[in-house]
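See below for the structure under consideration.
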Amino acid sequence: MADLNLREIHDFMVSIAKSAADRITSAKPTTSSSGSKKNSVDLVTETDQAVEKLISTSLRDKYPDFSFMGEETYKPGDTLTAAPTFVCDPIDGTTNFVHRYPYVSISLGLAVDRKPVVGVVYNPFTQTLYSAIKGQGAYLNETTKLPLTPPTPLETLNSCLVAVEWGSDRSGNDFTVKSETFKNLAATKENGGGMVHGLRSFGSAALNLCGVASGGLDVYWEAGCWAWDVCAGWVILQEAGGIMVDANPGNWEPRVDERRYMAVRGGEGQKEIVEEFWGLVHGNFEVGI
Ligand code: LIP
């Protein structure tokens with residue numbers, strides 16, 4: 001990695017994300033839906049595919065020796081290798097996009113040795129850019145350092161705003177783990193719950209991670225999403241002082257492609273919040289195992 005110019009790569013990734021933005025904002029997703037993937041709530045549109053093509057073509061032209069992993073071209077069995085790899089979700093928040101709810105992002109990361117080192121998350125509707133380079137800080141619109149305000153200590157979960165996502169699994173073990181844990185998080189302390197301030201589901205893993213990096217969200221917990229949903233946001237989170245652990249209790253160092261994640265914002269008390277949260281997780285997710 002020593003000879004990679006991460007700043008130059010970052011700048012190119014930002015320019016690509018911005019140049020793809022029009023394709024998303026001008027699309028009419030209800031007429032371009034091209035079907036579903038796993039089930040009727042796992043959506044994909046022609047725009048997702050077109051934007052990924054645009055991005056991958058530009059990246060391959062400029063960095064022909066790098067690998068590319070993208071949501072729309074992923075095949076079961078593809079793995080993230082140690083080679084420099086662009087990891088891309090062309091539209092993170094496809095359900096929002098289809099419903100014209102403008103909370104979507106282009107999520108573009110670079111992983112080296114399977115670790116995220118550059119992250120670019122761009123919401124083309126609000127023109128909001130989050131980005132980071134490993135060791136060089138995380139920024140909003142390239143100028144405002146993240147987190148947005150100096151982090152206060154994390155006390156207990158009952159002072160936290162927590163992002164969670166239902167995802168597309170609507171039955172089975174992992175659906176039960178999620179729904180029971182949501183109840184545990186919301187329930188009163190007297191009933192053994194976390195009594196969190198609130199649960200939020202915005203529908204974009206990348207933007208959830210940027211919300212934690214910014215400091216507005218304290219925790220984000222999800223299982224079932226993929227490396228392309230989290231690679232870019234991961235380095236933005238870490239550069240803003242946050243940490244990423246497993247959504248299942250016990251693993252402090254998940255892989256980028258582990259498919260189970262919990263992000264905690266910067267501030268004293270991260271370890272205690274993780275342990276308190278893990279104590280409320282109902283069972284264990286099977287995804288990624
Ligand atoms: C989505 C995520 C969302 C998660 C979904 C899905 P997509 O990505 O960002 O947070 O709950 O399972 O992975 O499908 O919009 O690119």
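Each principal axis of the Cα atoms in region 76-204 has its own extent, and those three values, largest first, are 48, 41, 35 angstrom.
What does the charge add up to near Met195, with Lys and Arg as +1, Asp and Glu as -1, over the other residues with Cβ less than 14 Å from its Cβ?
Working: positive: Lys183, Lys189; negative: Glu155, Glu190, Asp218, Glu276.
After counting each charged neighbour, the total is -2.
About its Cα centre, the chain has a charge dipole of approximately 500 debye under the convention of +1 per Lys or Arg Cβ and -1 per Asp or Glu Cβ, with nothing else charged.
What fraction of the Cα pairs in region 245-289, stated in percent, has a spacing above 17 angstrom? For region 245-289, the fraction of Cα-Cα distances above 17 Å is 29 percent. Across every direction, the projection of the convex hull enclosing the Cα atoms of region 6-145 has a mean area of 8.4 nm².
Cα-based values for region 157-279, radius of gyration first and Dmax second, are 13.2, 39 Å.
Computed over the chain, the Cα gyration tensor eigenvalues convert (square root of 5λ each) into semi-axes of 29, 22, 18 Å, ordered from largest to smallest. As I understand it, the value is the acute angle between the Cα axis of helix 6-25 and the longest principal axis of the Cα atoms of the chain; what does it come to in degrees, rounded to 10? In the chain, helix 6-25 runs at an angle near 90 degrees to the longest axis. A simple count of charges around Ala186, restricted to other residues whose Cβ falls under 14 Å of its Cβ and scoring Lys, Arg +1 and Asp, Glu -1, yields +2.
Per residue, what volume in Å³ does the Cα convex hull of region 61-131 take up?
Working: hull volume 7.4 nm³, N = 71.
Value for region 61-131: 104 Å³ per residue.
Across region 206-212, coupling constants 3J(HN,Hα) worked out from phi with the 6.51/-1.76/1.60 Karplus curve, θ = phi - 60°, read 4, 6, 4, 4, 5, x, 6 Hz, and Gly and Pro carry x.
Every number in this text was worked out from the coordinates using simple rules, so none of it is lab data. All figures in this text were calculated on a predicted structure; none of them were measured in a lab. Don't worry about glycine lacking a Cβ; one is built from the backbone with ideal geometry, like all the others, and counts go over all protein chains shown.
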